[in-house]
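Let me begin by presenting the structure, written as structure tokens, before commenting on it.
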Amino acid sequence: MVFELHTPVLLEESLNGLLATEKATGRVFVDATLWLGGHSSHLLARLTNEDRLIGIDRDPANLKEAKIKLGNPSNFTAVHSSFAELRNILETLDIQKIDGILYDLGVSSVHYDQADRGFSFRSDGPLDMRFDTSDTEKTAEKIVRTYSEHELATIFRDYADEPKAYFIAKAICEIRKTQPITTTKQLQEIIENSSFDKKSTLRVFQALRIEANDEFKHIETSIPQAIEALRPGGILAIITFHSIEDRIVKQLCKKFETPEADEITGMPVTPASLRKTTKKPIEPTSEEIASNPRSRSAKLRIYKKI
Ligand SMILES: C[S@@+](CC[C@H](N)C(=O)[O-])C[C@H]1O[C@@H](n2cnc3c(N)ncnc32)[C@H](O)[C@@H]1O
């Protein structure tokens, strides 16, 4: 039932980008953020039996359902892991080179609908926010309970550009002295009462989710592994959903777009290994935003390995 609720973002744009590889057949693609297989189901329909698709997701809850949705074809393998483990995953599957990889970062709309996962303040639930509930003990509840005022304010500011970061962090630390903060609604109330801005709740929840899942660390670990694994002519496609995430991806990829120069002579020693395929990131059309509001802030960056 849940499948119909999910609409893949920038679907045509990302698949067209991904399929513009230089190799025509026997290709290996990776969907680094499989979830319910929104992008993968359409990608599989465009692949031949000689091609192969590996789908990775850190959240085990729906991998089984994604397999059912995708019909578990012989050229598809689903892996429960973080994309930060890309090199190990490929090694285990005995794959030397890949032709294309897609990251559709962040959280799915279905995550927000599951109150017991704690991603959303629209319904009351435990402050969890982990993608992989078997992975670590770092829940949003633990962060709110154990981080210092300074640490909380820093993640609210650095991961969500929250202007009232220090007021909110101070309020959390005051209130937790007398009562444990364990639910989404409780936290929402504290944020709203200390920031006087309803938008702060969205930003603080985003920051806590990023911290609970070490999201930026996983992105920074994975992308260099993806570039290394790509065959020349292979494609790296990344969809981001907020400016901080987009900046991280852009700056990380920039390093690979620029030849490395010798510190003394200034001569290039390592050639560039990536080239942007479009000057600016691709954004959803107004029609897509109207039919799928979640796509509103999406940006797709596509690079070719050279
Ligand atoms: C926006 S959804 C992907 C939706 C998918 N493209 C589709 O259309 O069905 C993002 C997914 O990435 C997963 N995810 C987040 N961080 C991850 C990581 N480090 N490694 C693997 N999957 C991750 C989440 O569990 C979530 O299922």
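The values are calculated or read from the model by the stated rules, or taken from the named source; none is laboratory data. All of these numbers come straight from a predicted model, not from anything done at the bench. Every residue, glycine among them, receives a Cβ derived from its backbone with ideal geometry; neighbour counts consider all protein chains shown.
Quick rundown of the values:
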{"item": "Any chance Asp59 is over 23 Å from Ile227 (Cα atoms), assigned by TED's automatic domain parsing to the domain that holds Arg231 and of a type in the set (D, E, K, R)", "result": "yes"}
{"item": "Some residue of the range 162-177 being more than 15 Å from the ligand (Cβ to nearest atom) and closer than 27 Å to Phe29 by Cβ", "result": "no"}
{"item": "Positions within the range 121-155 being surrounded by fewer than 15 Cβ atoms within 10 Å (Cβ to Cβ), of a type in the set (Gly, Ala, Ser) and more than 16 Å from the ligand (Cβ to nearest atom), in sequence order", "result": "Ser123, Ser148"}
{"item": "Criterion (in contact (Cβ under 8 Å) with a residue 40 or more places away in the chain, of a type outside the set (A, V, I, L, M) and buried (at least 23 other Cβ atoms within 10 Å of the Cβ)) met by exactly one of Gln206, Gln225", "result": "Gln206"}
{"item": "Tabulated pairs, the range 67-79, first closer than 17 Å to Phe29 by Cβ and in the same structural domain as Ile98 (by TED's automatic domain parsing), second assigned to a strand (DSSP E or B) and hydrophobic (A, V, I, L, M, F, W, C), C-beta under 6 angstrom, 6+ apart or interchain", "result": "Lys67/Ala78; Leu70/Phe76; Phe76/Leu53; Thr77/Ile54; Val79/Ile56"}
{"item": "Any hit, the range 61-70, residues being in a loop (DSSP other than H, G, I, E, B) and surrounded by fewer than 22 Cβ atoms within 10 Å (Cβ to Cβ)", "result": "no"}
{"item": "Hits in the range 85-115 - residues which are within 9 Å of the ligand (Cβ to nearest atom), under 26 Å from Ala160 (Cβ atoms) and surrounded by fewer than 20 Cβ atoms within 10 Å (Cβ to Cβ)", "result": "Ser109, Val110, His111"}
{"item": "Number of the condition not met by Ala212 [criteria: (1) more than 25 Å from Lys142 (Cβ to Cβ); (2) surrounded by 19 or more Cβ atoms within 10 Å (Cβ to Cβ)]", "result": "(1)"}
{"item": "Breaking point among (1) without any contact (Cβ under 8 Å) to a residue 60 or more places away in the chain; (2) β-branched (Val, Ile, Thr); (3) assigned to a helix (DSSP H, G or I), for Ile143", "result": "(1)"}
{"item": "Residue among Ile168, Ile172, Ile155 that alone is aliphatic (A, V, I, L, M), closer than 30 Å to Ile56 by Cβ, in a helix (DSSP H, G or I) and outside the structural domain of Ala61 (by TED's automatic domain parsing)", "result": "Ile155"}
{"item": "All strands (runs of 3 or more DSSP E) inside the range 192-306 with 2 or more residues being under 26 Å from Ser81 (Cα atoms) and modelled with pLDDT of 95 or more", "result": "230-240, 299-305"}
{"item": "Given (1) surrounded by 15 or more Cβ atoms within 10 Å (Cβ to Cβ); (2) in contact (Cβ under 8 Å) with a residue 24 or more places away in the chain; (3) closer than 27 Å to Ser297 by Cβ, number of the condition Arg27 does not satisfy", "result": "(3)"}
{"item": "Of the criteria (1) acidic (Asp, Glu); (2) within 20 Å of the chain's Cα centre (by Cα); (3) at pLDDT below 95, which one Glu12 fails", "result": "(3)"}
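Residue by residue, here is whether (1) touching an Asp or Glu at 6+ places or on another chain (Cβ under 8 Å); (2) at pLDDT below 95; (3) assigned to a loop (DSSP other than H, G, I, E, B); (4) of a type outside the set (Asp, Glu) holds:
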{"position": "Thr7", "(1), (2), (3), (4)": "no, yes, yes, yes"}
{"position": "Asn16", "(1), (2), (3), (4)": "no, no, no, yes"}
{"position": "Ala24", "(1), (2), (3), (4)": "no, yes, yes, yes"}
{"position": "Leu36", "(1), (2), (3), (4)": "yes, yes, yes, yes"}
{"position": "His42", "(1), (2), (3), (4)": "no, no, no, yes"}
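Let's see how each residue does on (1) of a type in the set (Gly, Ala, Ser); (2) within 13 Å of the ligand (Cβ to nearest atom); (3) more than 24 Å from Leu230 (Cα to Cα):
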| site | (1), (2), (3) |
| --- | --- |
| Leu10 | no, yes, no |
| Gly17 | yes, no, no |
| Arg27 | no, no, no |
| Gly37 | yes, yes, no |
| Leu43 | no, yes, no |
| Gly55 | yes, yes, no |
| Ile68 | no, no, yes |
| Ser74 | yes, no, no |
| His80 | no, yes, no |
